[in-house]
Amino acid sequence: MAKIRVFVSIPMPNTAGLRPMMDDLSKVRGVRTSPMGQMHITLRFIGDIEEDRVDDIEAAVNEAIAGVKASRITLKGLGAFPNQRNPRVLWAGISTEMPLLEISERLSARFKTMNIPFDEKPFRPHITVGRIEGRANLVHEFSRYQTTEFATYIPNSVMVMKSELTPKGAVHSILRVCYFD
């Protein structure tokens, strides 16, 4: 059976509010911005898994979001992993009343029960907006966008996504869509 690279995420349908920051970031040497059409909140990264396990992953997602009502998500502020002094990944922060941590933990529990291996790093809600190649001076950008609200939206679904790595970055495609109550 063929393996595919998979993750579970909440899509970001409207990225227009991020455009000014993304334009500024794209001008900084060493920064590779994320494609605007691929913005999402990763709830759990699974990695390489047999393609025939996608139905099991979908079932786990449906169980994890059962009873969850969608509510407003606000993208706010620019930050970096591991930190702003040594940035590798640039992110927009998340503010919401939705129980994102609880959903992520439910997914983890279901995946363990179903013997679906996944990345067990602690969940930190964010949207990846760029990656750093080498060194980049982002002092101005961190200061300028620290408290900026970029967008607010109410998601209606969680998606099981396929991620194909290419020389220009990952290309994502939808495998399954699971809807909130």
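Out of region 164-181, which residues are farther than 14 Å from residue 11 by Cβ and in a strand (DSSP E or B)?
Of all residues in region 164-181, those farther than 14 Å from residue 11 by Cβ come to 164-171, 181.
Scanning region 164-181 gives 164, 165, 166, 169, 170, 171.
Could you look through region 103-161, keep only residues that are of a type in the set (Asp, Glu) and in a loop (DSSP other than H, G, I, E, B), and pick out the one that is nearest to residue 177 (Cα to Cα)? Even if it seems obvious, please write down each step before you answer.
Keep residues of region 103-161 that are of a type in the set (Asp, Glu), which gives 105, 119-120, 133, 141, 149.
Right, trim to in a loop (DSSP other than H, G, I, E, B) and you get 119-120, 133.
Details: 119: 21, 120: 23, 133: 33 Å.
The qualifying residue nearest to residue 177 (Cα to Cα) is 119.
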Across region 129-170, the tally of residues that are without any contact (Cβ under 8 Å) to a residue 24 or more places away in the chain and touching a helix residue (DSSP H, G or I) at 6+ places or on another chain (Cβ under 9 Å) stands at 1
Odd one out for residue 66, checked against (1) surrounded by fewer than 16 Cβ atoms within 10 Å (Cβ to Cβ); (2) hydrophobic (A, V, I, L, M, F, W, C); (3) under 13 Å from residue 128 (Cα atoms)
(3)
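I'd like the full set of residues that are within 15 Å of the chain's Cα centre (by Cα), part of a loop (DSSP other than H, G, I, E, B) and of a type outside the set (A, V, I, L, M), limited to region 35-74.
Restricting attention to region 35-74, the residues satisfying the condition of being within 15 Å of the chain's Cα centre (by Cα) are 35-47, 73-74.
Cutting the leftovers down to part of a loop (DSSP other than H, G, I, E, B) gives us 35, 39.
Correct list: 35 only.
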Kindly indicate the residue of region 142-176 that is out of contact with any Leu (no Cβ under 6 Å at 6 or more places or on another chain) and of a type in the set (D, E, K, R) and also surrounded by the most Cβ atoms within 10 Å (Cβ to Cβ) among those meeting that condition.
176
Give me a count of the residues in region 69-97 that are surrounded by fewer than 18 Cβ atoms within 10 Å (Cβ to Cβ) and among the β-branched types (Val, Ile, Thr).
2
For region 6-34: of the residues being in contact with a Gly (Cβ under 7 Å, 6 or more places away or on another chain) and assigned to a loop (DSSP other than H, G, I, E, B), which is surrounded by the fewest Cβ atoms within 10 Å (Cβ to Cβ)?
30
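Readers should treat all values here as calculations from the given coordinates under stated rules, not as data from a laboratory. All figures in this text were calculated on a predicted structure; none of them were measured in a lab. Reconstructed Cβ throughout: ideal geometry from the backbone, glycine too, with neighbour counts over all protein chains shown.
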